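Asker: Sharing a structure below in structure tokens format, with a few things to ask.
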Amino acid sequence: MQIKFKALCLAMPMLFSAWANADIQIYPLQGVFGLEQGCRTDLSKYEANGSSIDCDFSRAIDNPTTRKQAEQIFLQSLKQNFGTQIVDTISQKTKNRTYIASLEVLRASQYIVKKDSTTEIFLPVTLSLKLTNVLSGEVIYSDSATLSQPIQVLTAEIQSAATKAAIKQKFQSTLLSLTQQVTEELKSKLKISETETQVIDQWKSYLVLDKGFNQGIAAQDELSSTDGDLIRVVHADSDYAVALPVLMSGNSKRFSKVSTNTRQAMNKPKALVVDVLTYQGESKDLIEQIFSDAVGEQASFTLTPVNRRYSAMAQSVSEQTALAQSEDINQRELPEFFIRINVVPVIAYQQQIGKMTQQQVFHSEVFAEMIDQSGRVIYSAHATDDIKDVISEGMGFSLEARKEVVLKNALLKLGQKFQKGIQFTRSDLKVSGSSGQSISIDDAGERLMTGMKVHVYHQDKAAGRNILIPTWEATVLERQGAKVKAQLDFPVSSSDRLPVRSGDSILLDSSAPVGDSKQARVLCSGLHTEQVGEIPFYGFGPLIYHAFTSQSKRPFYATGSGFKGQTLLKDSVISMTENAGFKKDMNVNFHIPKNECLQPVFKIEVKPDSIKCNADKSNCDATLVMASGARRFNDKAEKIGAYGLQQEIGLKGVDHQHRHEMYNIQMFEALPKILNQIVQKADSTQ
């Protein structure tokens, strides 16, 4: 079985120069990444954020011979396809046009399919090849391939030394085959484009460029010159852009941007996936890639690709070359929005339905949210997928293989919801006054929320045209009617501390609807979802969270407690800034509402004496009694009330052996409507 994932490599030939004219260099990084974390020993164990690498794979390639073979295949194939563009060092002069090629194992697992006297052992491995900007950590190309070639053994010899040796050899040969494949495909899939622009004026420390987002220059782009100078775009309009120097050793006037992706050339807000919560050892990188591909080019926002292992790669580069890294890396700014993905454990079971046939049932639930820089959830989506297969004895797919399919289907639906469901509107608000470090903003439409991060823009003339200059970043503090008070945090340009004047602008990209209540909600810090009852159910916390974030008229913030095993939003963003090339001294300061917080509470029980079964308990009727809701706490951690409902759910045709799986699927189907009623009840309570 072989699965390929789409590369991030779409070019815009009408706007940019083609590959042949893009004089880039590729530096192959030695080693195979992705094995730094612990491996997965028990494939049946549910563990939040567990490893996606099977321990047998780690042991199989933990030898110099296999690693060396992979490195040789990688290097030889790159040199064969790219010739002199493959370099063995990076200098200060070439760093701006050199990209790191690296191999990364995204997942390696095994699962068993028994067929009477013989057994097939499937050993799927997914390998990724990435090209990463050595200066910023941005990934300009990423392609992955999966190979799953089974070995067949006698069932009685599954635990034998010969079987273990065969697994080891297959893992090793699979790694080498995938290395050859993804490297050879790079030449045909990589479509490099280059946008060139020049400085046409200077306004204080700001550089004014002659091209904007219509020509492929976007905010937060990093542009370099042939002399190795580096600038960052802080504002882009349709036909001009404004940039600030990052590393300037000369007096360069011409700069360029190399990319493989039309997403990087649009006037769209940028979003970064900062957390993926898993429980069954799924590869976070694969989940993000499937989701990103489903979001696609037509979305109203741009997903910012990063390399989660950039810091380790940068360290390897500094050890393998003479390039001094200290001044070059960790210069990247955070995007406007963040995305978190939550993958609930896939439900899967197989039951006999005839003498020679079985039915396989699969159910997947995935959630995701988009969060602004204040920590407010501006969009939340939930997607699900089901598969029911009737198979003959020994002729079907394994449960593990089909679990991957149902999860992928759900993720594709989730990404499509983000593509279609988020539409940004731009507001141009005006500063009405300034005093010291605080400013007043006119906001009759109530677009600004407490804790929101905004930028102040000053209008002036440069190069014979009207331009906007971003001067300050500010945080919204409070509202009094149509007036909003904000605090000036720090200047956009450290070289200038420009005064804010009446008439300066606040440009705001907004997707969340304006709420009719000023009272915001958040999950209580330190209080995870409380669940009572004999039936384990991972889905309640995410379901009620999604109900409040998608249905409530009140703002909801992602800045309180997370779900069990989930990294706090602030911590996940900080972790990303440390490991993917972002600034080290970035002040991540999200707003946390103080007035009220919520703790999800769930109780599920089987109603006494409601179970009625046939003789072998393969067909039972039962009634579930379900109480669901959320407790309310004030800023003193005192319980002040609760929102909730109790409901009975009648079930028929339940197989006693798989009753918990069937109960879970039924709860996923029934709870959304119930929880929406709870949200409506909560919104009507002042």
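Asker: Please find, within region 503-522, the residue that is modelled with the lowest pLDDT out of those that are open to solvent by 30 Å² or more (accessible area, probe 1.4 Å), charged (D, E, K, R) and part of a loop (DSSP other than H, G, I, E, B).
Answerer: Looking at the filtered set, the residue picked out is Asp516.
Asker: If you don't mind, there's one more thing I want to ask. Kindly indicate whether any position in region 169-176 is modelled with pLDDT of 95 or more, over 32 Å from the mean Cα position of the chain (by Cα) and either of a type in the set (Asp, Glu) or open to solvent by less than 30 Å² (accessible area, probe 1.4 Å) (or both).
Answerer: No, region 169-176 contains no residue that is modelled with pLDDT of 95 or more, over 32 Å from the mean Cα position of the chain (by Cα) and either of a type in the set (Asp, Glu) or open to solvent by less than 30 Å² (accessible area, probe 1.4 Å) (or both).
Asker: Scanning region 40-54 for residues that are modelled with pLDDT of 80 or more and either among the aromatic types (Phe, Trp, Tyr) or closer than 19 Å to Gly539 by Cβ (or both), which turns out nearest to the chain's Cα centre (by Cα)?
Answerer: Asn49
Asker: What do you reckon, is Lys603 more than 30 Å from Met449 (Cβ to Cβ), open to solvent by 50 Å² or more (accessible area, probe 1.4 Å) and touching a helix residue (DSSP H, G or I) at 6+ places or on another chain (Cβ under 6 Å)?
Answerer: no
Asker: Which one of these does Val343 not meet: (1) surrounded by 21 or more Cβ atoms within 10 Å (Cβ to Cβ); (2) in contact with an Asp or Glu (Cβ under 7 Å, 6 or more places away or on another chain); (3) farther than 30 Å from Lys114 by Cα?
Answerer: Of (1) surrounded by 21 or more Cβ atoms within 10 Å (Cβ to Cβ); (2) in contact with an Asp or Glu (Cβ under 7 Å, 6 or more places away or on another chain); (3) farther than 30 Å from Lys114 by Cα, only one is false for Val343: (3).
Asker: Further question on the same structure: Being basic (Lys, Arg) and crowded, with 23+ Cβ neighbours inside 10 Å is true for just one of Lys130, Lys164. Which residue is that?
Answerer: Sole residue among the options that is basic (Lys, Arg) and crowded, with 23+ Cβ neighbours inside 10 Å: Lys130.
Asker: Just give me the residues in region 377-396 being touching a residue at least 12 places away in the same chain (Cβ under 8 Å) and closer than 21 Å to Ile112 by Cα, in sequence order.
Answerer: If the condition is that a residue be touching a residue at least 12 places away in the same chain (Cβ under 8 Å) and closer than 21 Å to Ile112 by Cα, then Ile387, Lys388, Asp389, Val390, Ile391, Ser392, Glu393, Gly394, Gly396 are the ones that fit.
Asker: Of the conditions (1) in contact (Cβ under 8 Å) with a residue 60 or more places away in the chain; (2) surrounded by 18 or more Cβ atoms within 10 Å (Cβ to Cβ); (3) over 25 Å from the mean Cα position of the chain (by Cα); (4) more than 24 Å from Met667 (Cα to Cα), Val361 fails just one. Which one is it?
Answerer: Unmet condition: (4).
Asker: Filter region 655-686 for residues that are in contact with a helix residue (DSSP H, G or I) (Cβ under 6 Å, 6 or more places away or on another chain) and open to solvent by less than 20 Å² (accessible area, probe 1.4 Å); which is nearest to His363 (Cα to Cα)?
Answerer: So, considering only residues that are in contact with a helix residue (DSSP H, G or I) (Cβ under 6 Å, 6 or more places away or on another chain) and open to solvent by less than 20 Å² (accessible area, probe 1.4 Å), the one nearest to His363 (Cα to Cα) is Leu671.
Asker: Could you tell me whether region 191-201 includes any residue that is open to solvent by less than 30 Å² (accessible area, probe 1.4 Å) and free of Cβ contacts under 8 Å to residues at least 40 places away in the same chain?
Answerer: Scanning region 191-201 turns up no residue that is open to solvent by less than 30 Å² (accessible area, probe 1.4 Å) and free of Cβ contacts under 8 Å to residues at least 40 places away in the same chain.
Asker: Oh, and also: Can you report the number of residues in region 440-474 which are over 30 Å from Val199 (Cβ atoms) and open to solvent by less than 20 Å² (accessible area, probe 1.4 Å)?
Answerer: 5
Asker: Spot the failing condition for Glu578; the list is (1) acidic (Asp, Glu); (2) within 30 Å of Ile140 (Cβ to Cβ); (3) free of Cβ contacts under 8 Å to residues at least 60 places away in the same chain; (4) touching a helix residue (DSSP H, G or I) at 6+ places or on another chain (Cβ under 9 Å), and only one is missed.
Answerer: Status for Glu578: all satisfied but (3).
Asker: Taking region 107-121 as the region of interest, how many residues are surrounded by fewer than 24 Cβ atoms within 10 Å (Cβ to Cβ) and part of a strand (DSSP E or B)?
Answerer: So the answer is 9.
Asker: Out of all the residues in region 122-153, which are in a loop (DSSP other than H, G, I, E, B) and either under 20 Å from Phe82 (Cα atoms) or among the hydrophobic types (A, V, I, L, M, F, W, C) (or both)?
Answerer: Leu123, Val134, Leu135, listed by residue number.
Asker: Separate question: With the requirement that a residue be out of contact with any Gly (no Cβ under 7 Å at 6 or more places or on another chain) and of a type in the set (D, E, K, R), what does region 40-66 give you?
Answerer: Asp42, Lys45, Glu47, Asp54, Asp56, Arg59, Asp62
Asker: What single numbered condition from (1) at pLDDT below 95; (2) within 28 Å of the chain's Cα centre (by Cα) fails to hold for Ile158?
Answerer: So the condition that Ile158 fails would be (2).
Asker: Condition first: part of a strand (DSSP E or B), in contact (Cβ under 8 Å) with a residue 40 or more places away in the chain, open to solvent by 30 Å² or more (accessible area, probe 1.4 Å) and closer than 16 Å to Ile535 by Cα. Now tell me which residues in region 607-654 satisfy that.
Answerer: Glu648
Asker: Continuing with this model, one more query. Without any contact (Cβ under 8 Å) to a residue 60 or more places away in the chain and open to solvent by 60 Å² or more (accessible area, probe 1.4 Å): is that true of Lys420 in this structure?
Answerer: yes
Asker: Test each condition in (1) touching a Pro at 6+ places or on another chain (Cβ under 6 Å); (2) in a loop (DSSP other than H, G, I, E, B); (3) modelled with pLDDT of 95 or more; (4) of a type outside the set (Gly, Ala, Ser) for Val500 and report the one that comes out false.
Answerer: The one condition Val500 does not meet is (1).
The values are calculated or read from the model by the stated rules, or taken from the named source; none is laboratory data. All values derive from a computational prediction rather than experimental measurement. In this analysis, Cβ positions are derived from the backbone assuming ideal geometry, glycine residues included, and neighbour counts consider all displayed protein chains. For accessibility, only protein heavy atoms count, side chains too; no ligands or nucleic acids. Shrake-Rupley method; radii C 1.70, N 1.55, O 1.52, S 1.80 Å.
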